[in-house]
Amino acid sequence: MSALTFLIVALIKIAITLGVLLTVVAYTVWLERKVVGRMQNRWGPSRVGPFGLLQPLADGIKFLLKEDLTPPYVEKNIYLLAPGLALIMALTSIALVPIGPVIHLFGISTPVQITGVVDAAGQPSDINVGLLIVLGITSLGVYGIALAGWSSNSKYSLLGSLRASAQMVSYEVSLGLSLVGVLLMSSTLSLSGIVHAQQSTWFGVIPQWFLFRGQFVAFFIYMIAAFAETNRIPFDLPEAETELVAGYHTEYSAMKFAMFFMAEYANMVTVACIASVMFLGGWTGPTISFLPLAVQAFLPLVWFTAKIFFFLFLYIWIRGTLPRFRYDQLMAFGWKFLFPLALANVIVTAFFVAWRA
Amino acid sequence: MHQFLFIVFAVFCAGGAINLLVQRKTINSALSLIVVMGSLAMIYLLLGAEFVAVVQVIIYAGAIMVLYIFVIMLLNAGDEEASKGSNVAKYFGIPGLFIGGIIGIGVLLKHRPNDTPLKLGALYGPADQVGMLLFTKYLLAFEVTSVLVLIAIMGAVVLARRSDS
């Protein structure tokens, strides 16, 4: 593959992935309003388009046309930088996620993954520290929120962003440790390598996903920590509206608020992607042999989408179910329960892997 | 390409470091330090040490600097006042910088590295090789560092513990 083809293929992949991601983000908001509405015995959005399906579009227009207010007392440069930083960090990490296997189109083979390439043997390969890069980008995402709260010069914003940064730094530890078990079993840090390690099945039926290979404790730790990382109920203390108005984005309006909003949902999608890659085998799934070949080629994407949808639905379901934690409970839970449990999981997995080797 | 990227990130790194010292607002200094850390990570990446580069971002930019910003936010630190310079810096710092610079240049001239640029992956890049080195060749340094970290954690616990009086 020449440098020019590589560049064109990469640009096409980036454009498609970004477009799909932003659409998913918009419709996750719609799905959330719809599902939570039904859980609370009301209709949710139903006026704009059939089933309210055009609601995200209407919201987008509203965000663009609203008055873009910059309060006079803010630290202007940082105030303007913060939402962009949050959104960029949230949208970048999808580049590392292997979405599907190698596809062959117009004589070019490439994996459905922005950073993925095909090596000389026709096997997909990607950056061999891929997972760490995702974690690094996630940890940089804190800055958007922290700086937003600080630069707003408002006590609600400041308290919200203090809570957010403390919470995200604390739960990142458990989140990282919960992934170590999977890394020990797959012995690679590359995300496509981790998917590859889960491809086979037991008896041709049960997939050998790491969730079924003993990493279920890690899976639950990861999910809990991920809820805290993305500031979702029951851990949405940074924007607890009963205490802090709207937390770190109190002073933001119009598109700048929308950027924080999109960043939160894009982070949800990324976390769901990593969860399905690490624990649920990524795009792997049963092959359905009676379907025509052209349809079968799309099956991996269907499996991946289904897994992402499951996680997004879980987010919404829990939002409709659980009340908010108290802040000291959140910290105590993170450090005194989740962190030791994650450490224990690493040690047990390490012994298990060493014994099997 | 390599050389161009190196120059870009070296300029970023040095510029960030100078800006860190010049800025009056604490938060701007902290943000400049993040730029320094980030461009250092990119230089590590150019050297082929991808694992070290990512760890640099995660640990320094992602964890330590977040705590810095956290403290600045908590204390609501404002402008720093420019001091008239310290005597220690005047009598020891400048001669020290001079002597250190001469020694550094001398060492570089004596052990001049060859001009061929390093290829990506020429160093101990991947995580497994770094781990192998840490647990074999540099085991003693690794263990001593871990004891140091343990002592620091214990110090933090002692300082943070409520007095039982």
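Couple of notes before you dig in:
- So A:L237, is it under 26 Å from A:R33 (Cβ atoms), open to solvent by less than 10 Å² (accessible area, probe 1.4 Å) and touching a residue at least 12 places away in the same chain (Cβ under 8 Å): yes
- Single match in A:F216, A:F261, A:F257 (criterion: closer than 22 Å to A:L314 by Cβ, open to solvent by 40 Å² or more (accessible area, probe 1.4 Å) and over 16 Å from the mean Cα position of the chain (by Cα)): A:F216
- Check on A:F6, on the phi > 0 side of the Ramachandran plot and out of contact with any Ser or Thr (no Cβ under 7 Å at 6 or more places or on another chain): no
- For region A:171-182, the condition holds for no residue, the condition being that it is touching a Pro at 6+ places or on another chain (Cβ under 7 Å) and either buried (at least 19 other Cβ atoms within 10 Å of the Cβ) or touching a residue at least 12 places away in the same chain (Cβ under 8 Å) (or both).
- Considering region A:243-357, the qualifying helices (runs of 4 or more DSSP H), each wholly inside and each with 2 or more residues that are more than 29 Å from A:K155 (Cα to Cα), run over A:254-279, A:293-296, A:299-319, A:339-356.
- Output for region A:338-355, where each listed residue is surrounded by fewer than 14 Cβ atoms within 10 Å (Cβ to Cβ) and of a type in the set (F, W, Y): A:F351, A:W355
- Positions within region B:40-58 being assigned to a helix (DSSP H, G or I), within 14 Å of A:I127 (Cα to Cα) and not hydrophobic (A, V, I, L, M, F, W, C), in sequence order: B:E50
- Any hit, region A:99-117, residues being open to solvent by less than 20 Å² (accessible area, probe 1.4 Å), at pLDDT 85 or above, more than 11 Å from chain B (Cβ to nearest Cβ) and in contact with a Phe, Trp or Tyr (Cβ under 9 Å, 6 or more places away or on another chain): no
- Whichever residue in region A:118-135 is within 14 Å of chain B (Cβ to nearest Cβ) and modelled with pLDDT under 75 and, among such residues, is surrounded by the most Cβ atoms within 10 Å (Cβ to Cβ): A:S125
- Only one entry of A:A166, A:A148 meets the criterion of being buried (at least 23 other Cβ atoms within 10 Å of the Cβ) and either assigned to a helix (DSSP H, G or I) or in contact (Cβ under 8 Å) with a residue 24 or more places away in the chain (or both), and that entry is A:A148.
- Test result for A:L189, open to solvent by 30 Å² or more (accessible area, probe 1.4 Å) and modelled with pLDDT of 80 or more: no
- Within region A:213-229, residues that are within 20 Å of A:R324 (Cβ to Cβ) reach partners that are of a type in the set (S, T, Y) with beta carbons closer than 6 Å, at six or more positions or on different chains, in the pairs A:A225/A:Y171; A:A225/A:S174; A:A228/A:Y171; A:E229/A:Y171.
The values are calculated or read from the model by the stated rules, or taken from the named source; none is laboratory data. What you see is a predicted model, and the numbers here were worked out from it, not measured in a lab. Glycine also receives a Cβ, built like all others from the backbone with ideal geometry; neighbour counts cover every protein chain displayed. Note: areas computed on protein heavy atoms with side chains; ligands, DNA, RNA excluded. Shrake-Rupley method; radii C 1.70, N 1.55, O 1.52, S 1.80 Å.
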